[in-house]
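This report concerns only the one structure given below.
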Amino acid sequence: MANQTAQLDRVFQALADPTRRAVLERLGQGPAAVSVLAAPFRMALPSFLQHLRVLEDCGLVRSKKAGRVRTFRVVPRPMEAAEGWLAQQRSLWERRLDQFDTYVERLKAKKENRT
């Protein structure tokens, strides 16, 4: 469980950066070479490569080198784990809000009965 938590933490940390989210969006269209991924960003290549390293370290992407070209692709499994965690949280908070709504309605009914 601790390993899963650490993995989830790394995924959310990777997703916290807008550059990395944009890279993932682009990779959603299909695999791409580093040069293609880096083109829209105004940063030095070593800085951009750090973003790719973060994505690869948390398992959101994988790379493959063919000759001098390194190509990245999305790995959906870590994202599915994050989606699962978010779904659990949503379910929990919806239940809590429903309970709160029921409580407020009971208070209103009591107040109306007193008047």
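When the residues of the range 45-59 are narrowed to those that are surrounded by 13 or more Cβ atoms within 10 Å (Cβ to Cβ) and in contact (Cβ under 8 Å) with a residue 24 or more places away in the chain, which ends up nearest to VAL75 (Cα to Cα)?
Top of the filtered list is GLY59.
Given ARG62, ARG96, ARG42, which one is charged (D, E, K, R) and either surrounded by 15 or more Cβ atoms within 10 Å (Cβ to Cβ) or within 24 Å of ARG10 (Cα to Cα) (or both)?
ARG62
Would a scan of the range 74-85 turn up a residue that is free of Cβ contacts under 8 Å to residues at least 12 places away in the same chain and of a type in the set (A, V, I, L, M)?
Checking the range 74-85: not a single residue is free of Cβ contacts under 8 Å to residues at least 12 places away in the same chain and of a type in the set (A, V, I, L, M).
Please verify whether the range 27-34 includes one or more residues that are out of contact with any Ser or Thr (no Cβ under 9 Å at 6 or more places or on another chain), modelled with pLDDT of 95 or more and surrounded by 11 or more Cβ atoms within 10 Å (Cβ to Cβ).
Yes, the range 27-34 has at least one match.
Conditions: (1) within 21 Å of the chain's Cα centre (by Cα); (2) loosely packed, with under 11 Cβ neighbours inside 10 Å. GLU105 meets all but one. Number of the miss?
So the condition that GLU105 fails would be (1).
The values are calculated or read from the model by the stated rules, or taken from the named source; none is laboratory data. Nothing here was measured: the structure is a model prediction, and the numbers come from that model. When we count neighbours, we look across all protein chains shown, and the Cβ atoms used for this are built from the backbone with ideal geometry, even at glycine.
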